[in-house]
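The values are calculated or read from the model by the stated rules, or taken from the named source; none is laboratory data. Since we're looking at a predicted model, the values are computed, not measured. With ideal geometry, Cβ positions are generated from the backbone for all residues, glycine too; neighbour counts draw on all protein chains shown. Ligands, DNA and RNA are stripped out before the accessible areas are found, and what is left, the full protein with its side chains, is counted by its heavy atoms. Shrake-Rupley method; radii C 1.70, N 1.55, O 1.52, S 1.80 Å.
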Amino acid sequence: MNVDVANFFGTFTPRLDEKGRLFLPAKFRPRLEHGVVLTRGQENCIYGWTPESFSSFTDRVRDTPFTNKQARNFFRMLFSGASSEVPDKQGRIAIPPVLREWAQLGRECAVVGAMDRIEIWDLERWTEFSAGQEEAFSDMSDEVMPGIF
């Protein structure tokens, strides 16, 4: 099976250490060895992009009119929390305090592949969120992706 290496998928449960560092899942490390851009994500998780994916994202949203108040507020939240991190030799990244607080991270975490980015969640919050999505997941495919299934 030929899988596009730009895609992240799967769920992993690393621990946050006492210094606020998180081991990246081994499967994700090759794509993130040159760095990861972390920022506030929706549902109070942390988004993590490769520098290339983050650059592509910012290029796509660059033309959003700054006169749109919702766009301004969204980008303020997204970009003000952004931090570029490079994994250490053990594959750990530092999660800045502002992002740990945003995502309410405890010691037990979930790192979730979400196509072109990863998401970092507190494990208990991820478990609650994903359990609450089971029924909706079954019903949403036609609405979110018409004609795909």
Order Thr39, Thr13, Thr58 by their accessible area, 1.4 angstrom probe, all chains in place, largest first.
Thr13, Thr58, Thr39
If you wrap a convex hull around the alpha carbons of segment 10-88, what volume per residue comes out, as a whole number of Å³?
112
Long-range alpha-carbon pairs in the chain, meaning those over 25 Å apart, account in percent for 33
Measure off, as a whole percent, the carbon and sulfur share of the 1.4 Å-probe accessible area of the chain, all protein chains present.
54
Please give the length that would be gained between Val61 and Val98 if that part of the chain were fully extended, namely 0.36 nm times their separation in residues minus their C-alpha to C-alpha distance (nm, one decimal).
11.0 nm
Per-residue accessible area, 1.4 Å probe, largest first, puts Glu119, Glu128 in the order Glu128, Glu119
In nm, spacing of pseudo-spin labels at Asn44 and Arg72 (7 Å Cα→C-beta vector):
2.7
Over the chain, with neighbouring protein chains present, the accessible area per residue in Å² at probe 1.4 Å is 64
